[in-house]
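Worksheet: one structure, shown below.
The values are calculated or read from the model by the stated rules, or taken from the named source; none is laboratory data. Owing to the predicted nature of the structure, the values given are computational and were not obtained by experimental measurement. Using ideal geometry, Cβ is built from the backbone for each residue, glycine included, and neighbour counts are taken over all protein chains shown. What goes into the accessible areas is simple: the full protein's heavy atoms, side chains included, and nothing from ligands, DNA or RNA. Shrake-Rupley method; radii C 1.70, N 1.55, O 1.52, S 1.80 Å.
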Amino acid sequence: MRNKENIDFIYKQNLEESIIEYLAREKNLELRHAMDIYYRSRLAKQIEQGTYGIENMDYKYLAQDLIENEPELFSKLN
C-alpha cells in the first residue's frame, strides 16, 4: 500500500504543477501568482481530498473549470 500512496502523491503533485503552468500561460501570469490562485481555489481542496475522483481529470479541463467557476480569484491580483 505504501507504494500506491507514493504514486498517488506524485501524480497529484504533477497534476497541480500542470494546472499552475497552464493557468500562468492562459492568463499571462507569473508562476507565483498562478500558484497563489490555485492554492486558494476550491479546486485545490477538491484535488487534495480526492473529491469525486476529480484528480483523474485532464489538467486543462480542470484549469478551465477553475477560470470559469472561480473568477474572483483572478480579480484579487490587482
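Can you tell me which residue within the stretch 1-30, out of those that are among the polar types (S, T, N, Q) and under 20 Å from Ser41 (Cβ atoms), is surrounded by the most Cβ atoms within 10 Å (Cβ to Cβ)?
Ser18
Just name the residue that is farthest from Glu72 (Cα to Cα) out of those in the stretch 31-44 that are within 10 Å of the chain's Cα centre (by Cα) and open to solvent by less than 80 Å² (accessible area, probe 1.4 Å).
For the stretch 31-44, the residue satisfying everything is Ala44.
Being β-branched (Val, Ile, Thr) and under 17 Å from Glu70 (Cα atoms) is the filter; apply it to the stretch 7-50 and report the residue that is modelled with the lowest pLDDT. Full working, then the answer.
Within the stretch 7-50, the subset β-branched (Val, Ile, Thr) is 7, 10, 19-20, 37, 47.
Among the residues that remain, those that are also under 17 Å from Glu70 (Cα atoms) are: 19-20, 37, 47.
On the way: Ile19: 98, Ile20: 98, Ile37: 97, Ile47: 94.
That would be Ile47.
Has the stretch 7-15 got any residue that is under 11 Å from the mean Cα position of the chain (by Cα) and closer than 18 Å to Glu72 by Cα?
The answer is no, given that none of the residues of the stretch 7-15 is under 11 Å from the mean Cα position of the chain (by Cα) and closer than 18 Å to Glu72 by Cα.
In the stretch 23-78, how many are in contact with a helix residue (DSSP H, G or I) (Cβ under 7 Å, 6 or more places away or on another chain) and among the polar types (S, T, N, Q)?
2
Pairs, please: C-beta under 6 Å, at least 6 apart or cross-chain, first residue farther than 12 Å from Lys12 by Cβ and open to solvent by less than 60 Å² (accessible area, probe 1.4 Å) and in the stretch 45-64, second of a type outside the set (Ser, Thr, Tyr) and in a helix (DSSP H, G or I)?
What qualifies is Ala63/Ile19; Ala63/Leu23.
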